[in-house]
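The values are calculated or read from the model by the stated rules, or taken from the named source; none is laboratory data. Small disclaimer: the values here were computed from a predicted structure and weren't measured. FYI the Cβ positions are ideal-geometry reconstructions off the backbone, even for glycines, and counts take in every protein chain you see. Ligands, DNA and RNA are excluded from the accessible area calculation, which covers all protein heavy atoms including side chains. Shrake-Rupley method; radii C 1.70, N 1.55, O 1.52, S 1.80 Å.
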Amino acid sequence: MALFDLSLDELRAYRSESAEPEDFDTFWDKTLRQAREHELDARFEPVETGLSTVEVYDVTFAGFGGHPVKGWLRLPAGATEPLPLVVEFIGYGGGRGLPHENLLWASTGRAHFTMDTRGQGSAWGGGGGTPDPVGAAPAYPGFMTRGIDAPENYYYRRVFTDAVRAVEAARSHPLADAARTAVTGGSQGGGITLAVGGLVPDLVAVAPDVPFLCDFPRAVVLTDRHPYREIGLFLKTHRGRSADVLRTLSYFDGVHFAARGRAPALFSAALEDETCPPSTVFAAFNAWAQEDKAIEVYDFNDHEGGGPFQEAAKVRWLRSYA
């Protein structure tokens, strides 16, 4: 697919028309307060992997509703002092994978926590192990319209809450330096990263790659690629419900979380990305409140974005912060 969205100059000036709910902060304050009524109960069980340079722990903690959520904590072998912490979130349909995977961040000398995404983990990768015990009204197959009848019921309310609790769980480990916590992720993981960046005030760095879940009013009419297309297909059947659906989605739009971002940020976007169109990514980047921000642009890439080139860019960038 050749360039299909705005020009790069237009992208740098673009601002989303997504309407922020008046009670956005109240909604999320209440949601997180309710989640914290449950004990975090973070448990770290060592895993035998055969690795000699990285130690891995199987983690369980209480997320939204007190539901058990899984994760991996990876540490450089032999670490004895608290380490900078990177918390990572996973792309759509994937899970935390196997314990010997994803060794980059621990190999840089940091603690690395990977959160399993509830209900996912069966579309690609090494799988996941966190169920989503909450039911929902009729929805289009996938996760995008589960509970879309109301913000209180929406699937990503649970996921974003899990993600905030994941940061809290990772920080509770004695070898994690809570004061040097960064968050990152690509695609859906990038969208979750933006949410955490807006909800957790004391992060030192935020790095969302080709983030999903941004600028919903534009995304759902600009691309016909899944997962955004799930919303359009839901509305194709449920005629006349567009305004209600967009209202629900406005509580989960990365643009509004970006407006609350306090940490330095490194974004990435791909100009041929039909899954997360570049204008939706720039909508969040341009809204990011912290002035210390940058975006890597990959001119001829689709949703793979920068891939290993972006990983290298993040490793270099993060040295200044954690």
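Observations on the model:
- In the set (1) open to solvent by 10 Å² or more (accessible area, probe 1.4 Å); (2) within 22 Å of GLY71 (Cβ to Cβ); (3) not aliphatic (A, V, I, L, M), PRO217 fails one condition alone, (2).
- Among the residues listed as ALA106, ALA163, ALA170, the single one being crowded, with 23+ Cβ neighbours inside 10 Å, part of a helix (DSSP H, G or I), among the hydrophobic types (A, V, I, L, M, F, W, C) and in contact with a Gly (Cβ under 8 Å, 6 or more places away or on another chain): ALA170
- LEU98 being surrounded by fewer than 21 Cβ atoms within 10 Å (Cβ to Cβ), among the hydrophobic types (A, V, I, L, M, F, W, C) and either in contact with an Asp or Glu (Cβ under 7 Å, 6 or more places away or on another chain) or not in a strand (DSSP E or B) (or both): yes
- For the range 41-58, the set of residues classified as part of a loop (DSSP other than H, G, I, E, B) and either free of Cβ contacts under 8 Å to residues at least 40 places away in the same chain or open to solvent by 50 Å² or more (accessible area, probe 1.4 Å) (or both) consists of ASP41, GLU48, GLY50, LEU51, SER52, THR53, listed by residue number.
- Any chance SER320 is surrounded by fewer than 19 Cβ atoms within 10 Å (Cβ to Cβ) and in contact with a strand residue (DSSP E or B) (Cβ under 9 Å, 6 or more places away or on another chain): yes
- Cβ-Cβ distances below 9 Å connect the following pairs, each with a first residue in the range 185-204 that is over 19 Å from GLU311 (Cβ atoms), a second residue that is among the charged types (D, E, K, R) and part of a helix (DSSP H, G or I), and a separation of six or more residues or different chains: VAL200/GLU168.
- Any hit, the range 125-138, residues being outside any loop (DSSP other than H, G, I, E, B) and open to solvent by less than 20 Å² (accessible area, probe 1.4 Å): no
- Any chance GLY63 is touching a residue at least 40 places away in the same chain (Cβ under 8 Å), more than 21 Å from PRO208 (Cα to Cα) and buried (at least 18 other Cβ atoms within 10 Å of the Cβ): yes
- Selected residue [over 23 Å from ALA182 (Cα atoms) and of a type outside the set (S, T, N, Q)] from ASP9, ASP29: ASP9
- Subset tally (residues that are surrounded by 12 or more Cβ atoms within 10 Å (Cβ to Cβ) and either among the polar types (S, T, N, Q) or in contact with a strand residue (DSSP E or B) (Cβ under 9 Å, 6 or more places away or on another chain) (or both)) for the range 13-40: 7
- Applying a threshold of 6 Å to beta carbon distances and a minimum spacing of six or more residues, or different chains, the list of pairs starting in the range 206-225 at a residue that is of a type in the set (Ser, Thr, Tyr) and ending at one that is open to solvent by 10 Å² or more (accessible area, probe 1.4 Å) reads THR223/GLU274.
- Filtering the range 285-322 to residues that are modelled with pLDDT of 95 or more, of a type in the set (Gly, Ala, Ser) and either assigned to a loop (DSSP other than H, G, I, E, B) or farther than 26 Å from THR108 by Cβ (or both) leaves ALA287, ALA289, GLY305, GLY306, GLY307, SER320.
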